[in-house]
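This report concerns only the one structure given below.
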Amino acid sequence: MTFQDLDFKTSNTLKGVWARVDFDNGFGASIISNDVSYGGKSGLYEIAVLKGDNIISTTDVTNDVVGWLDDNDVTRTLNAISKLDKDGNLPKDVLL
């Protein structure tokens, strides 16, 4: 999954864009860029790790949301989320 694969939708409530992806490991990601997201005013993105429809903050990727991400950072973060084990741990060979 790369940044270019994301299907961004326009958000009318908070002017900006958002996308969601779900991975086979049961985790997913919400990717947003708007006036209140971390980095949104600078054209950057914020990612929240999801488990179902809930934001989860107990993974090796983050204990909150990850902000101030450019296209390459989004791709790198999505790759890491897709590799989480069922407990939210990254394999030792996956670096953020």
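Evaluate E = 1/(1 + (r/R0)^6) for PHE8 and ASN79, where r is the Cβ-Cβ distance and R0 equals 22 Å; express this FRET efficiency to the nearest 0.05.
The pair PHE8/ASN79 has a calculated efficiency of 0.75.
Compute the Rg to Rh ratio over the range 3-82 from the alpha carbon atoms, using the Kirkwood formula for Rh, and round to two decimal places.
Value, to two decimals: 0.93.
Taking 0.36 nm per residue of separation and subtracting the Cα-Cα distance, what length does fully extending VAL65 through PHE23 add?
Net length gain for the segment: 13.4 nm.
If you take every residue apart from ALA29 with its C-beta less than 10 Å away from the C-beta of ALA29, what net charge results, scoring Lys and Arg +1 and Asp and Glu -1?
0
Please sort by residue number the trypsin sites (Lys or Arg not before Pro) in the range 4-96 whose DSSP state is loop and whose Cβ has at most 15 other Cβ atoms within 10 Å.
Within the range 4-96, the qualifying trypsin sites (Lys or Arg not before Pro) (loop, at most 15 other Cβ atoms within 10 Å) are LYS15, LYS86, LYS92.
Can you tell me the orientation of helix 71-82 relative to the chain, as the angle in degrees between its alpha-carbon axis and the longest Cα principal axis, to the nearest 10?
That helix lies at roughly 40 degrees to the long axis.
Quick note: the coordinates plus some simple rules give every number you see, no bench work behind them. Everything quoted here is computed from the prediction, not taken from an experiment. Cβ atoms come from the backbone with ideal geometry, glycine included; neighbour counts cover every protein chain shown.
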